Structure formats: structure tokens, C-alpha cells
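Asks: Pasting in a structure now, in C-alpha cells, and then I'll have a few things to ask.
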Amino acid sequence: MLNKRLHSFPLKAMKIDDCYWNKYTKLVPDVVLPYQWKILNDQEKDAAPSYCLQNFKIAAGELKGERKGVVFSDSDVAKWLEAVAYSLETTPNPELEKTADAVIALIGRAQCDDGYINTYFTLKEHGKRWISLTEGHELYTAGHLIEAAVAYYHATGKEAFFKIVCRFADLICKVFGTEENQIHGYPGHQEIELALIKLYDVTGKKEYIETAKYFIDARGHQPNYFVEEMQRPNYIQIFPEFSNYNPVYSQSDKPVREQTAAEGHAVRGTYMYCAMADLAFYYEDEKLLKCCEKIWDNIVHKRMYITGSIGSSAHLERFTADYDLPNSSNYSETCASIGLVLFGKRMAQINRDASYFDVVERTLYNTVRSGISLEGNRYFYVNPLEVWPDNCLADTAMQHVKPVRQKWFDIACCPTNVARTLTSLGQYIYSSDDENVYINLFIQNDLHTEIAGNDVMLKLVTDFPKSSSLSLQVTTKGVSDFSIHIRIPDYAENFHIAIGGKPEAYSVNKGYACIKRCWHDEQIDITFDMPAKLVSANPNVRADSNKVAIVRGPEIFCLEETDNFKNLPSAFISRSAKLEEHYDETLFGGTTVITCRAKKISDENWNNDELYKAAKPMIEEVTLTAIPYGYWCNRTPGEMLVWLNTIL
Ligand SMILES: [Zn+2]
């Protein structure tokens with residue numbers, strides 16, 4: 001029997017004001033959303049065109065022209081609206097809300113009479129709906145529209161968008177399923193499943209979760225739906241790389257319940273694992289939950305970068321083999337990390353296990369942050385751990401690696417995904433049921449909510465990760481009996497809790513320190529140490545053999561050329577090197593910087609035209625300066641390196 005699942009508090013119940021995250025979250029309503037709005041309208045000079053809103057206008061019959069852009073470009077509008085919704089929930093902005101209402105009305109006008117929404121299949125491939133599920137992304141786009149509408153409904157209470165997507169969802173539930181008059185297919189890119197479950201959460205309408213379950217249950221049975229679909233004469237091929245289709249790519253090579261490792265396209269996979277976790281909870285399906293646990297373990301113990309990124313192959317943006325984690329040619333899509341964060345939060349809330357949040361935190365603090373510039377208007381899609389700009393060449397195997405963040409992309413899923421993640425950050429800080437509050441992330445905020453039927457205020461004060469001390473002020477109306485569970489991070493040493501200045505004994509359950517008592521007006525002080533450390537990878541990670549990474553708390557550090565020198569891999573560091581930490585108030589609005597003494601192979605005794613010779617390397621002493629990976633490439637572009645050579 002599964003436990004009751006924990007939930008997040010509504011965003012409107014809390015106010016985040018955190019010196020670390022403010023750099024991003026405060027940027028979203030002022031810079032990120034307006035910038036992305038310009039992009040969706042193709043008003044940003046020299047940026048890859050999106051055609052996003054133009055397509056909706058053509059579909060609504062308000063503009064003449066040809067539908068352009070990637071097949072799933074409607075989903076970027078949806079993710080932008082979802083980000084707007086979360087932003088409005090915490091930061092009212094009538095102007096932005098008016099813009100969003102206008103976009104929603106436009107989507108409504110572009111909706112077909114039977115509820116269908118998709119500009120590609122309404123305009124470019126009219127009359128050819130649902131015949132190219134392998135590549136068409138119709139259900140993926142539908143899922144993002146549904147997620148956006150649910151978020152907008154929660155934020156504003158307005159029903160227009162919600163009604164639009166319910167009509168679309170009703171159509172999907174009618175079209176897909178096991179009945180003879182239904183299509184027995186499922187999405188080429190998962191996303192609709194988790195969205196339909198969100199819609200069920202709000203409406204209680206069984207058809208939505210049943211169709212989500214159908215999509216998960218049908219997936220991967222033989223004969224393979226996609227292989228058969230592609231052989232039909234009316235099939236529309238959209239992407240050239242799909243011509244040699246391997247069902248592993250879309251996690252459809254075997255039934256979902258037989259999958260025990262993360263395979264295939266990383267974003268597709270993580271979105272599907274989210275829905276599997278949701279369904280495992282709702283249907284009390286222990287077998288499905290076990291699959292989720294096995295897949296999670298496979299990812300985080302064998303297939304995840306130290307920065308929390310996943311999907312090590314640029315070819316097909318996919319998982320490969322255990323321990324195959326190349327540092328410079330990897331894909332590590334920002335969206336895949338976001339998918340991992342979404343999956344981890346669900347698993348933590350089902351299993352009440354803090355270890356999931358060790359990964360969620362690592363991913364948010366490193367790869368998600370690196371996905372966006374400190375100015376908020378440049379983005380990474382691919383997140384390598386080692387960059388040499390000279391070899392990031394077009395028409396080579398490195399062409400996917402961009403040494404600087406981009407204004408936009410021809411296929412642009414990541415920037416709007418980052419925006420919706422930053423505006424929904426509050427969903428990760430706490431989890432709760434009626435009698436328990438779990439503190440997952442150490443982000444300064446005020447929360448006003450109800451626990452155990454009582455009015456409760458929680459005020460979390462911290463400058464984490466500058467320091468590792470937190471205080472939690474608990475104020476209740478009257479005396480209230482409930483438990484507070486504080487995550488003990490995997491990197492924490494000497495974890496102490498004091499209440500009212502006196503040390504407090506606590507029990508530990510699945511990585512949370514638990515305090516159960518009657519609360520009224522207490523201050524909990526939490527302290528722990530998180531010294532910078534040199535960390536090794538499992539020796540089976542060939543790419544990191546005899547290398548170390550500098551890690552402090554949730555942050556992974558990297559070297560940048562601008563602080564160090566060219567040819568960063570020529571440096572090597574002793575395992576016993578002393579890591580000096582200092583806080584630089586001026587750099588990136590304040591950050592910890594780590595320096596250490598090291599050595600470097602010199603090229604002084606080499607001529608430029610010598611490529612190989614039998615010569616003992618000349619060594620020089622250097623001081624290395626490392627900054628948090630999430631901040632890389634916010635100054636002069638150049639080389640970057642996470643894993644450093646060591647001297648054994
Ligand atoms: Zn993406």
C-alpha cells in the first residue's frame with residue numbers, strides 16, 4: 001500500500017526572496033518573459049525565427065501566409081504561457097496578464113470546431129491528423145497546452161484557457177484508446193500523459209487519467225505502433241533522422257513495465273517517467289513504482305553527469321551505456337535536466353525520501369542555471385562539461401556544442417522550459433500532507449499556509465549556499481501539533497539542529513531530520529558544514545579516469561579560461577591540494593570562488609610545427625581559480641573545464 005503522496009504548496013502561498021536565486025527569479029518577469037515574447041513574435045533581430053505566434057494568427061484566419069518553423073513550435077507558446085502563469089501567481093502584473101489573455105484568445109480562435117489545436121496539422125498538413133504520431137508531436141504540443149492552462153487557471157482563476165484545453169483533451173480521450181473505433185497509438189514524444197493527469201487533478205474527470213494510463217500501458221507492445229505507422233503510404237516523414245527508426249529512441253521497444261534502465265531520447269524518457277510515477281501513485285501500482293525506482297537508480301548511479309545533466313549522446317539526444325559520460329561531446333540538454341527535476345520531485349513526494357532532492361538540487365543549481373545567462377536573454381541547449389571553442393565547428397561531430405549562449409534556436413524547446421522552471425521554483429522548496437512539512441531546498445522564503453487545520457507561517461532565512469546555516473521561524477495561530485522534516489543533504493557534515501538556542505534531538509528517516517512537537521512560536525536553527533572537496537567519478541567512467549571535480553555543497557565548480565589560461569586540460573592537481581574558498585561580492589552578484597595550487601604542462605620546449613616527440617614534459621606551477629559551473633560563460637568567452645587531471 002503506497003503512502004499518501006505529499007504535495008507542494010501553491011506558489012501564491014509563498015514569497016521567495018533569496019540572494020542566490022533572486023538573480024534569476026527576479027529577472028524572469030522583467031527580462032526573460034518580455035524577451036521571449038519578442039522572440040515568439042519574431043521581433044528580435046539576428047535571432048533564429050520562431051514563427052510561433054504568426055502560425056497561430058494564420059491558423060485563426062487573421063493573417064495570410066505559410067505555416068513555418070519546427071513542427072512543435074506551438075509548444076513554445078504554451079511553455080511561455082505556463083511560465084507567465086507561475087509568475088502571475090507570485091507577482092501580479094496586469095500588463096503581462098493582458099498579453100497572456102490575448103494569446104489565449106488567439107489560441108481559442110485557432111482551435112478547430114471539434115477542439116483540435118495544432119498549427120502544423122491545421123495549416124501545413126491539413127487533414128492528416130494523428131497519422132504521424134512517431135514524429136508529429138501533436139500529443140506533445142497538446143500536453144504543453146494543457147499544462148499551461150492548468151497553471152493559468154490556478155494563477156488567475158480564469159477559465160477561458162482551461163475550457164479550451166478541456167475540449168482538446170476530450171477529443172484526445174475520444175480518439176485514442178483500446179476500442180475498435182479508436183486509434184491504438186501513443187505519442188512519439190511523451191508529455192500528454194503527465195498533462196492529462198494534471199487535468200484530472202483539477203477536474204476529477206476519470207477519462208483524463210484513464211487515457212494517460214492507456215498511453216503508458218499501450219506503449220512498447222509488439223508489433224511496434226511506430227514501425228507499422230511508418231510503413232503506411234500516408235505517413236508523413238518530418239525529420240530526416242527518423243528514416244532509420246529504432247523504437248528504443250522513444251522508449252517503445254518494450255512495454256513500459258519491463259523497462260528498468262533509462263534508454264533512448266532523454267527528454268522523452270524523463271517526461272514519461274513523470275507520468276509513470278503519477279500513475280503508480282493514483283493506481284497504487286507498486287510494480288510501476290518499482291520500475292520508476294529502478295530507472296531513477298540507473299540514471300543517478302550510472303548515467304548522470306556530476307552537474308545533474310543527462311543524455312550523453314548528441315546523436316538522437318539520448319542515453320547510451322552505463323558510465324558513458326564524455327565531457328566535451330555530450331548533449332546534456334537543458335530540457336532533459338528539467339525532466340529529471342520533475343521526475344525527482346514526484347518520486348520524493350511519493351517515497352518521502354530526501355535523496356531524490358539531492359539530485360533535484362544538484363540539477364537546479366548546475367545545469368538548469370547554466371541553461372540561461374545572468375542577463376536572462378541567452379541560452380544553452382547543450383551543456384558540456386568541457387569546452388574548447390576552437391573545435392565547436394559546424395559540419396563536424398561537435399557542431400551541437402555552442403561555446404556561448406545563443407539568442408534562440410531553430411528548435412527552441414529549452415529557453416521557455418527554463419522560464420517555467422524558474423517561475424515555479426517554489427514548488428520544490430516544501431512538500432506536505434496534512435500533518436507533515438518537508439523542507440527540501442534551502443531557499444529563503446516566507447510561507448503562509450494551513451497545516452493540521454491550523455494557520456501556520458514558516459519563515460526560512462538563509463544565504464545558502466554562501467553559508468550553510470539556516471533559521472526557520474515557525475509561527476502558528478494557537479498551538480499546533482505537526483512534524484517538520486528537514487532534508488539532510490548528502491554533502492552535509494556535522495548537521496545540527498537547535499530550537500530556541502538549545503540543541504534538539506531528531507530522528508532521521510530517509511534522509512530527513514524529523515522533529516515532531518507542538519509548535520507555536522519557535523525558531524529552528526540548522527547548521528552544517530559543506531567544505532569544498534575534490535570528488536572522483538566511479539573508475540568505470542572512462543572519461544573521468546584519473547580526474548577530479550571541485551565540489552562545494554550543491555555547486556560543481558569549473559575552470560574558465562578568463563580566470564586561468566588557455567589549454568585548461570594541461571593543468572593537473574594533487575588529490576591533497578588545499579582548496580581555498582572565498583566569497584567574491586562583486587563577481588556574478590556574489591559567489592564563492594575556489595583557488596588552489598596546481599601544476600601545468602608547459603609548451604615552452606615545443607615548436608609550433610612539432611606534433612609528437614620523445615620529450616619529458618616541462619612543468620610550471622600555477623594557481624587555479626574555479627567558479628560555480630552554473631555561472632560559466634557570463635564573462636569573456638573561452639575554454640571551460642569541470643574535470644581536472646590529477647597526480648596520483
Ligand atoms: Zn530542450
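The values are calculated or read from the model by the stated rules, or taken from the named source; none is laboratory data. Keep in mind that what you see is a predicted model, and the values were worked out from it rather than measured. Here the Cβ positions follow ideal geometry from the backbone for every residue, glycine too, while neighbour counts run over all protein chains shown. Accessible surface areas use protein heavy atoms only, side chains included; no ligands, DNA or RNA. Shrake-Rupley method; radii C 1.70, N 1.55, O 1.52, S 1.80 Å.
Asks: Taking the range 638-648, which residues are in a strand (DSSP E or B) and either within 12 Å of residue 392 (Cβ to Cβ) or open to solvent by 60 Å² or more (accessible area, probe 1.4 Å) (or both)?
Replies: Matches in the range 638-648: 640, 647.
Asks: Which residues, counting only those in the range 301-321, are under 21 Å from residue 258 (Cβ atoms) and assigned to a helix (DSSP H, G or I)?
Replies: 301, 302, 303
Asks: Test residue 635 against the stated conditions and say whether it is under 28 Å from residue 367 (Cα atoms) and part of a loop (DSSP other than H, G, I, E, B).
Replies: For residue 635, the condition - under 28 Å from residue 367 (Cα atoms) and part of a loop (DSSP other than H, G, I, E, B) - is met.
For (1) surrounded by fewer than 21 Cβ atoms within 10 Å (Cβ to Cβ); (2) among the hydrophobic types (A, V, I, L, M, F, W, C); (3) more than 21 Å from residue 386 (Cβ to Cβ), each residue gets a yes or a no:
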| residue | (1), (2), (3) |
| --- | --- |
| 284 | yes, no, yes |
| 297 | yes, no, yes |
| 305 | no, no, no |
| 310 | no, yes, no |
| 314 | yes, yes, no |
| 321 | yes, yes, no |
| 325 | no, yes, no |
| 332 | no, no, no |
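Asks: With respect to the numbered conditions (1) surrounded by 15 or more Cβ atoms within 10 Å (Cβ to Cβ); (2) at pLDDT 95 or above, which one is the sole condition not fulfilled by residue 531?
Replies: It fails just one condition, (1).
Condition check ((1) open to solvent by 50 Å² or more (accessible area, probe 1.4 Å); (2) at pLDDT below 95; (3) in contact with a strand residue (DSSP E or B) (Cβ under 9 Å, 6 or more places away or on another chain)) across all residues:
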position: 428; (1), (2), (3): no, no, no
position: 433; (1), (2), (3): no, yes, yes
position: 459; (1), (2), (3): yes, no, yes
position: 478; (1), (2), (3): no, yes, yes
position: 506; (1), (2), (3): yes, no, yes
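Asks: Give 215, 242 a once-over and let me know the one that is open to solvent by less than 30 Å² (accessible area, probe 1.4 Å), assigned to a helix (DSSP H, G or I), of a type in the set (A, V, I, L, M, F, W, C) and touching a strand residue (DSSP E or B) at 6+ places or on another chain (Cβ under 9 Å).
Replies: Result: 215 is the single residue among 215, 242 that is open to solvent by less than 30 Å² (accessible area, probe 1.4 Å), assigned to a helix (DSSP H, G or I), of a type in the set (A, V, I, L, M, F, W, C) and touching a strand residue (DSSP E or B) at 6+ places or on another chain (Cβ under 9 Å).
Asks: Further, regarding this structure: Quick one: which of 273, 208 is at pLDDT 95 or above, away from the ligand (no atom under 16 Å from the Cβ), of a type in the set (Ser, Thr, Tyr) and more than 23 Å from the chain's Cα centre (by Cα)?
Replies: 208
Asks: Just checking, does the range 344-357 include any residue being at pLDDT 95 or above, open to solvent by less than 30 Å² (accessible area, probe 1.4 Å), under 18 Å from residue 86 (Cα atoms) and of a type outside the set (Ser, Thr, Tyr)?
Replies: For the range 344-357, residues at pLDDT 95 or above, open to solvent by less than 30 Å² (accessible area, probe 1.4 Å), under 18 Å from residue 86 (Cα atoms) and of a type outside the set (Ser, Thr, Tyr): present.
Asks: What's the number of the only condition in (1) crowded, with 24+ Cβ neighbours inside 10 Å; (2) touching a residue at least 40 places away in the same chain (Cβ under 8 Å); (3) touching a Leu at 6+ places or on another chain (Cβ under 7 Å) that residue 208 fails to meet?
Replies: All conditions are met except number (2).
Asks: Restricting attention to the range 28-75, report how many residues are open to solvent by 30 Å² or more (accessible area, probe 1.4 Å), under 27 Å from residue 368 (Cβ atoms) and of a type outside the set (S, T, N, Q).
Replies: Selection size over the range 28-75: 11.
Asks: Could you check the range 525-562 and list, in sequence order, the residues that are of a type in the set (Asp, Glu), closer than 25 Å to residue 638 by Cα and over 27 Å from the mean Cα position of the chain (by Cα)?
Replies: Selection gives 561 alone.
Asks: Checking residue 130 against (1) hydrophobic (A, V, I, L, M, F, W, C); (2) under 24 Å from the mean Cα position of the chain (by Cα); (3) on the phi > 0 side of the Ramachandran plot, only one condition comes out false. Which one?
Replies: Residue 130 satisfies every listed condition except (2).
Asks: Does any residue of the range 413-425 turn out to be away from the ligand (no atom under 12 Å from the Cβ), touching a Pro at 6+ places or on another chain (Cβ under 6 Å) and open to solvent by less than 30 Å² (accessible area, probe 1.4 Å)?
Replies: No, the conditions are met nowhere in the range 413-425.
Asks: Related question: Residue pairs, Cβ under 7 Å, 6 or more apart or interchain, first in the range 51-64 and at positive phi, second open to solvent by 20 Å² or more (accessible area, probe 1.4 Å). List them.
Replies: 51/42; 51/68; 51/69
Asks: Moving on. Could you say which residue among 536, 602 is polar (S, T, N, Q) and closer than 22 Å to residue 308 by Cα?
Replies: After ruling out the rest, the residue left standing is 536.
Asks: Filter the range 330-359 down to residues that are outside any helix (DSSP H, G or I) and small (Gly, Ala, Ser) and give me whichever is farthest from the ligand (Cβ to nearest atom).
Replies: Across the range 330-359, the extreme among qualifying residues is 354.
Asks: State the number of residues belonging to the range 437-461 that are part of a strand (DSSP E or B), within 26 Å of the chain's Cα centre (by Cα) and in contact (Cβ under 8 Å) with a residue 60 or more places away in the chain.
Replies: Residues meeting the conditions: 4.
The rows are residues; the columns are (1) under 21 Å from residue 418 (Cα atoms); (2) over 14 Å from the mean Cα position of the chain (by Cα); (3) assigned by TED's automatic domain parsing to the domain that holds residue 539.
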{"residue": "314", "(1), (2), (3)": "yes, yes, no"}
{"residue": "325", "(1), (2), (3)": "no, yes, no"}
{"residue": "328", "(1), (2), (3)": "no, yes, no"}
{"residue": "335", "(1), (2), (3)": "yes, no, no"}
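Asks: Sort through 377, 366 and tell me the only one that's surrounded by fewer than 23 Cβ atoms within 10 Å (Cβ to Cβ), of a type outside the set (D, E, K, R), touching a residue at least 40 places away in the same chain (Cβ under 8 Å) and closer than 20 Å to residue 634 by Cβ.
Replies: On inspection, the qualifying residue turns out to be 377.
Asks: Here's a follow-up. Being open to solvent by less than 10 Å² (accessible area, probe 1.4 Å) and more than 26 Å from residue 155 (Cα to Cα) narrows it down to one of 187, 233, 247, so name that one.
Replies: Unique residue meeting the criteria: 187.
Asks: Separate question: For the range 385-412, give me each residue that is open to solvent by 70 Å² or more (accessible area, probe 1.4 Å) and more than 16 Å from the ligand (Cβ to nearest atom).
Replies: Within the range 385-412, 388, 390, 393, 394, 395, 397, 399 qualify.
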